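Presented below is the structure to which this report refers.
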Amino acid sequence: MQIRSSRAATKSFNFGLKPAPAWMAILGFTLFSALCLVVKAGLLRIAFPGGAFLVGLFLYGRYPLLYLGFTWWIAFLSPWVRRMVDYSSGWVDPSTILLAPFLVMLVTLATLVRSLPRATRQGGLPFILAFVGVIYGFLVGLIKYPPTAVVVPMLNWFTPILFGFHLFVNWRSYPSYRQSLERIFLWGVLVSGAYGVYQYLVAPQWDRFWLVNSKAIAFGTPEPLGIRVFSIMNSPGPFATVMLAGLMLLLSGKGKLRFFASGVGYLSFLLSLVRSAWLGWGVAMLTFLPSLKPKLQMRLVVTIVVMALCIIPLANLDPFADTIGARLQSLTNTKGDVSYSQRSEGYAATLSLALSQFLGQGLGFVLEGTSLGSNDSGILSMFFSLGWFGTIPYLGGIILLLFSLFQSVDIRADTFASAARAISLGVFAQIGLGSVTLALSGVVFWGFAGMALAASQYHRYQRLTALQSG
């Protein structure tokens, strides 16, 4: 009787969520964080990154698929949790809460250690080259700056590559990883897109509080219809990059929910006003469509037409039309565009200086004395931080990675793999306008490049196995 009662209690707790131990850890962490937000939010400044790391460590070792989902959602939600904590307990900058995604991804260091000896032979050379470039910049930074000034930049550069490498190395699990990522980004686009529209229309108090204290003038004004949408993420740029990836995946997915997700997703994507991401989406689309077989191309065109019928009327409604229209016009008319002028002036003032960096300034370097911010150009960031010594292996690894993806003929019938490849190129195409290979944007770039390379490896293995058996 006691055994049956225990089993019944466990079954009722599961709610169909299996495996139970993994979901107990995830839900326990979620409920604890929610309780802290209500009772004592400041406690999360330590408990959130620490708890996320412990849950990530547990999932990595026993439930790799749930580890994948947990990692992406921690990356999506950590900035929003930070804003809620600061709104409740006072402004703190920098915030330890933002370390949570890095700590969760740092767990995959075990994958690197375990797989490094054979990684080069299996196609992992691009990741190894990128690691070499970043480690060089890290060592230079340690020589020039205090360790505390180098740690966070190192995490920004290193962990996205580490995560992408982890996805690539586990190519044998590609089908289950693919299915998991499709589900993650369907709900990611739906949740962050819907919140983005809400943020634009309402301007919640915690978002206003963050805008005022962070002095992020470029993100709009802290009032309804005045915010450049960044949704649950930290700024419009990373948010737009995540949406670019999610919206591309929705084109290759199935189910009616993706059309609703596309509606709020594209609307918030446009309200982010990130022109570089819009151009990146265009590059991704031009890459994606020709890479498919004719039958898949026709299905994709039908999907695009249906989505357009949902999105265009929304974008032309009064609260959105003026904001989006003015930004779209600036793509062809740069006169009077302050952002464009600042970038042009910044490049003119710093490009020659960046290209003269033989040894580099190391990770932790902050670009000052120019209208161009440290994160406004991935090219400048690379040369200043890594110098020629570090940039050659780092950029060489990226170019070799993209070249490898476009050499593969085995993924033509796999719409997800074709979308992943297009996403990687669409993100990288923005490198002159932002540090898109770092932090959350970098997780998107390296993560989907890793998945596309894993798909190529998996399909090649399947083809060779079929030939041998035949």
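Data for the structure
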item: Enumeration of residues in region 270-322 that are more than 28 Å from residue 412 (Cβ to Cβ), in contact with a Lys or Arg (Cβ under 8 Å, 6 or more places away or on another chain) and hydroxyl-bearing (Ser, Thr, Tyr); result: 272
item: Given (1) surrounded by 23 or more Cβ atoms within 10 Å (Cβ to Cβ); (2) over 26 Å from residue 199 (Cβ atoms); (3) of a type in the set (Ser, Thr, Tyr), index of the condition residue 71 fails; result: (2)
item: Single residue of region 243-293 satisfying the filter (within 19 Å of the chain's Cα centre (by Cα) and hydroxyl-bearing (Ser, Thr, Tyr)) that is farthest from residue 72 (Cα to Cα); result: 276
item: Failed condition for residue 354, given (1) in contact (Cβ under 8 Å) with a residue 40 or more places away in the chain; (2) part of a helix (DSSP H, G or I); (3) buried (at least 16 other Cβ atoms within 10 Å of the Cβ); result: (1)
item: Output for region 222-267, where each listed residue is of a type in the set (Val, Ile, Thr) and touching a strand residue (DSSP E or B) at 6+ places or on another chain (Cβ under 7 Å); result: 227
item: Test set (1) crowded, with 17+ Cβ neighbours inside 10 Å; (2) more than 27 Å from residue 144 (Cα to Cα); (3) of a type outside the set (Phe, Trp, Tyr); (4) at pLDDT 70 or above - residue 329 fails condition number; result: (1)
item: Residue check, residue 443 more than 18 Å from residue 291 (Cβ to Cβ) and either surrounded by 17 or more Cβ atoms within 10 Å (Cβ to Cβ) or of a type in the set (Phe, Trp, Tyr) (or both); result: yes
item: Residue within region 33-42 that is within 24 Å of the chain's Cα centre (by Cα), at negative phi, crowded, with 16+ Cβ neighbours inside 10 Å and assigned to a helix (DSSP H, G or I) present; result: yes
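The values are calculated or read from the model by the stated rules, or taken from the named source; none is laboratory data. Bear in mind that the values here come from a model prediction, so they are computed numbers and not experimental data. Positions of Cβ are backbone-derived with ideal geometry, glycine not excepted, and every protein chain shown enters the neighbour counts.
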